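One structure below.
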Amino acid sequence: MLRYFISDLHLSDKRLDLIQAFVHLTDEICQSTEASELYILGDFFEAYIGDDYQPDWMKALDQQFAKLHQRDISTFFIAGNRDFLVGKDWFERQHVTELNEQFALIQTPLNIVLTHGDEFCVDDQEYQAFRSMVRKPEWQQQVLSMPLEQRLALAQKLRNDSKNMSADKSMDIMDVNTDAINIALSANTDLLIHGHTHRPALHKDDYVPRLVLGDWDEFVWCAVMNAEGISQYQIATQVYLSSPIAIKDWSKTQYLSLG
């Protein structure tokens with residue numbers, strides 16, 4: 001079994017290059033002769049405003065999810081801070097399985113938990129207040145009842161507000177708090193895999209070891225788990241677009257043995 005982990009693609013009509021990179025990646029997964037699963041750990045979209053918003057640029061994504069389904073490749077999704085409005089219709093249409101905010105992998109040698117990761121950024125109290133607001137069903141229903149144009153304007157405002165808030169904060173404040181992780185997770189958790197922070201790394205010496213997935217921008221990132229271990233790879237986006245190189249031939253940045 002091969003398991004692929006990606007997060008923080010931030011796909012939109014402004015980044016057609018990253019959409020094409022996702023097409024290349026999923027094409028490779030579909031061509032694999034081994035049983036495979038794909039895990040998307042949040043912020044797949046730059047901003048998602050409701051299942052009724054289906055612009056032309058999303059059609060390429062629809063086609064790739066259809067390919068994954070046709071090849072019996074299970075795809076799983078954890079909402080991030082950009083795509084928490086992804087709803088039941090989208091999951092059913094794409095044949096994607098929605099996972100809880102923190103999800104424990106099964107049938108693995110280690111006890112591995114998956115999450116987007118923003119719930120652990122507790123030092124950023126301003127962000128946590130925002131997160132609490134937008135996760136409330138009442139707020140979400142109010143937004144989804146707005147006309148599409150109004151939702152698009154709100155999404156742009158929220159992105160601008162987020163950039164302005166982040167500009168004056170240190171990276172440490174916006175990073176995860178390891179004490180919060182230790183309190184939230186079971187003592188027998190062997191590994192946490194998350195995204196959100198855009199600080200790809202493998203923290204082996206934390207009380208709960210964690211693999212931080214990279215965000216897609218100038219580089220494309222993907223972690224792959226097989227029976228022996230977990231490897232995270234990166235490749236320059238423009239290089240990948242010019243030649244869809246196999247993931248195993250990308251630069252390996254982190255590795256954790258499962259033995």
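Exactly one condition in (1) part of a helix (DSSP H, G or I); (2) open to solvent by less than 20 Å² (accessible area, probe 1.4 Å) is false for residue 24; which is it?
(2)
Any residue in the stretch 59-86 that's touching a residue at least 60 places away in the same chain (Cβ under 8 Å): show its pairings with residues that are in a helix (DSSP H, G or I) and open to solvent by less than 10 Å² (accessible area, probe 1.4 Å) at Cβ separation under 9 Å, as long as the two are six or more apart or on different chains.
Qualifying pairs under 9 Å: 80/118; 81/118; 81/134.
Could you look through the stretch 169-179, keep only residues that are of a type in the set (D, E, K, R) and touching a residue at least 40 places away in the same chain (Cβ under 8 Å), and pick out the one that is surrounded by the most Cβ atoms within 10 Å (Cβ to Cβ)?
175
Can residue 215 be described as out of contact with any helix residue (DSSP H, G or I) (no Cβ under 8 Å at 6 or more places or on another chain), surrounded by 13 or more Cβ atoms within 10 Å (Cβ to Cβ) and of a type in the set (D, E, K, R)?
yes
Restricting attention to the stretch 75-108, which residues are in contact with a strand residue (DSSP E or B) (Cβ under 7 Å, 6 or more places away or on another chain) and among the charged types (D, E, K, R)?
82, 83, 98, 101
Can you list residue pairs whose Cβ atoms sit under 9 Å apart, with the first residue in the stretch 180-206 being free of Cβ contacts under 8 Å to residues at least 40 places away in the same chain and part of a strand (DSSP E or B) and the second being open to solvent by 20 Å² or more (accessible area, probe 1.4 Å) and of a type outside the set (A, V, I, L, M)? Count only pairs 6 or more apart in sequence or on different chains.
203/178; 203/209
What strands (runs of 3 or more DSSP E) completely inside the stretch 81-148 contain at least 1 residues that are open to solvent by 60 Å² or more (accessible area, probe 1.4 Å)?
Hits in the stretch 81-148: 96-98, 102-104.
Mind checking which residues of the stretch 39-72 are over 21 Å from residue 144 (Cα atoms), in a loop (DSSP other than H, G, I, E, B) and open to solvent by less than 30 Å² (accessible area, probe 1.4 Å)?
41
Given (1) farther than 28 Å from residue 14 by Cα; (2) hydrophobic (A, V, I, L, M, F, W, C); (3) in a helix (DSSP H, G or I), identify the lone condition not met by residue 241.
Of everything listed in (1) farther than 28 Å from residue 14 by Cα; (2) hydrophobic (A, V, I, L, M, F, W, C); (3) in a helix (DSSP H, G or I), residue 241 misses just condition (1).
The values are calculated or read from the model by the stated rules, or taken from the named source; none is laboratory data. Being a predicted model, the structure only gives us computed values, none of them experimental. Every residue, glycine as well, gets a Cβ built from its backbone with ideal geometry; the counts of neighbours run over all protein chains shown. Note: areas computed on protein heavy atoms with side chains; ligands, DNA, RNA excluded. Shrake-Rupley method; radii C 1.70, N 1.55, O 1.52, S 1.80 Å.
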